[in-house]
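Participant: To start, I am sharing the structure in question, which I have written as structure tokens.
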């Protein structure tokens, strides 16, 4: 049993002074390395191991100048190329630093795991140009705090809807965020039966059920360990996906495949994103120690619920007397949904979501999750509740309003589209930039809560001061069951279906892109870098991973029946299967198969054609697997 009381888990921001840091590290000789953690434009982090002795020798220089890395080792296309690749990693002294423990490597004198002090950092290109995801979020936070306070001061009418008399009472704006982490755990090599998983999901046999065996132990240890880090864990539980584990002859559970969720307390925007990174490392490590593999993929199993990472966005004001008030909540929680700032924030998210989506849903895996019928949002629509006294819990919408009638500070927005692989730094940064746009427009128009509620509830074809005429933005209905796909596209906008279609929003909505470029929170070259990084990843994965994987599916669909002793239905189904196999994956002298045509389109840079063919491939492979399952069931 580890001596948690003797272990170092974090060094809080208040202690980031060389003398204090040196004292702390000298008291913990098991901390043997330091790693400066910079985030590139793709959300990947650096991990440069520095022996603790080197760090302590010249700590002041490390804290101010950081260390240098090769720009080719981070994802910053167009910005840091091979011939222009100098990138420095500069420590961030304003956030908590966490210790990454290696439970497989024990420091013998202390008996404690060897630790690496992970220091969140900023990336600097060519000595002057700060780049990367943490930089974008930092600059977005600075802008939102400054501009929101100015907006409140310049529009004193909003004081009528806030529990203060004057904007002069505000000391600072506080941006609060939280994420909910869903993930799958399984025993190595376990694939699971899709039909069995789907049946268990429909019957809700796993949702909120009691965990057992190694999953229970790993989950409980994870929650306790994360609490030691100071994350203030709120809960851990089973999610909707998974099947019941089997108890083997050895007395141990095997064939484990379950979906879990853990939640922890909110933090300020930057700390929330940093916390999420550290939590994932700990989850992986603890479950691995119990023989379980963790995946944070958005859709690890086709046909079964994927994993989301719902992201909660809030805003508050810290007053000079120390009190904190919500900037979204109405003065009477039972009589109103939101105040003008809150309504404006929600409207900004909805109005500009097309250009936020590429930062939230940027991978093939993410699009596999966003399918109707799996509680994953595909429509730009919100739900706020039928009445102010009845908070909404509509799980089919993109953005939900979360309220507690007895706690105005809990008023926030839940974005349901992010997944565990989303770049949380860019999700939060772009969301707040959109929020600022909506607030500025609502306050400039001097709109009251009732007027903004009317705007949010507008019908298709109705003119509005902010929203588009031929769109609707609010629904208290189940948008999957009570609208046809055609109605959803008409009312809420056609959702992109591939990474390419999503990235095209940058060119299709130039006026919305302007919100991201204000005060150089993002610059044109940063947007081009992100675009290239995203498309390169999409094209490479499609060409070199998805197509080969689908080819393996074709090869696994082998004949099961005896041609001389079979039912006519067996022969009929096999003929359909063989026709699909050839169309998808077999070239002839005069005709290329579907997979080859996709590869050719990618090689030629014809991304529109590749995207269209990718959608056809998904449909054909899905059709093939369904028919093959039906075929297999009929074989005696």
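The values are calculated or read from the model by the stated rules, or taken from the named source; none is laboratory data. Just so we're clear, the structure is a prediction, and the values are computed from it rather than from any experiment. Quick reminder, even Gly has a Cβ in these numbers, built from the backbone with ideal geometry, and neighbours come from all protein chains shown.
Participant: So is residue 122 surrounded by fewer than 17 Cβ atoms within 10 Å (Cβ to Cβ), part of a strand (DSSP E or B), in contact with a helix residue (DSSP H, G or I) (Cβ under 7 Å, 6 or more places away or on another chain) and not assigned by TED's automatic domain parsing to the domain that holds residue 421 or not?
Facilitator: No, not satisfied.
Participant: Here is a follow-up. Based on this model, can you work out whether residue 490 counts as under 23 Å from the mean Cα position of the chain (by Cα) and in contact (Cβ under 8 Å) with a residue 24 or more places away in the chain? Reasoning before the result, please.
Facilitator: Values: under 23 Å from the mean Cα position of the chain (by Cα): no; in contact (Cβ under 8 Å) with a residue 24 or more places away in the chain: yes.
Answer is no for this residue.
Participant: I'd like to check which helices (runs of 4 or more DSSP H) are fully inside the stretch 525-619 and have at least 3 residues that are at pLDDT 95 or above and over 30 Å from residue 502 (Cβ atoms).
Facilitator: Fully inside the stretch 525-619 and qualifying: 568-585.
Participant: Follow-up question, since we're still on this one. Kindly establish whether residue 478 is surrounded by fewer than 14 Cβ atoms within 10 Å (Cβ to Cβ) and in a helix (DSSP H, G or I).
Facilitator: no
Participant: Right, something else. Quick one: what pairs do we get from the stretch 594-621, first residue surrounded by 18 or more Cβ atoms within 10 Å (Cβ to Cβ), second not in a helix (DSSP H, G or I), C-beta under 7 Å, 6+ apart or different chains?
Facilitator: These pairs meet every condition: 611/498; 614/498.
Participant: Can you say whether residue 322 is without any contact (Cβ under 8 Å) to a residue 12 or more places away in the chain, under 30 Å from residue 148 (Cβ atoms) and part of a loop (DSSP other than H, G, I, E, B), as far as the supplied structure shows? Full working, then the answer.
Facilitator: Numbers: without any contact (Cβ under 8 Å) to a residue 12 or more places away in the chain: yes; under 30 Å from residue 148 (Cβ atoms): yes; part of a loop (DSSP other than H, G, I, E, B): yes.
Taking the combined requirement at face value, the residue satisfies it.
Participant: Just the residues that are loosely packed, with under 12 Cβ neighbours inside 10 Å and not in a helix (DSSP H, G or I), please, taken from the stretch 150-168.
Facilitator: Looking only at the stretch 150-168, we keep the residues that are loosely packed, with under 12 Cβ neighbours inside 10 Å, and these are 156-157, 160, 165-166, 168.
Of everything in the stretch 150-168, those that are loosely packed, with under 12 Cβ neighbours inside 10 Å and not in a helix (DSSP H, G or I) turn out to be 165, 166.
Participant: Follow-up. Given the options 316, 272, name the one that is touching a residue at least 40 places away in the same chain (Cβ under 8 Å) and within 20 Å of the chain's Cα centre (by Cα).
Facilitator: Exactly one of 316, 272 is touching a residue at least 40 places away in the same chain (Cβ under 8 Å) and within 20 Å of the chain's Cα centre (by Cα), namely 272.
Participant: Which is at pLDDT below 95 and touching a strand residue (DSSP E or B) at 6+ places or on another chain (Cβ under 9 Å), of 412, 393, 474? So that I can check it myself, show each step before the final result.
Facilitator: Working: 412 fails: at pLDDT below 95; 474 fails: at pLDDT below 95.
Unique residue meeting the criteria: 393.
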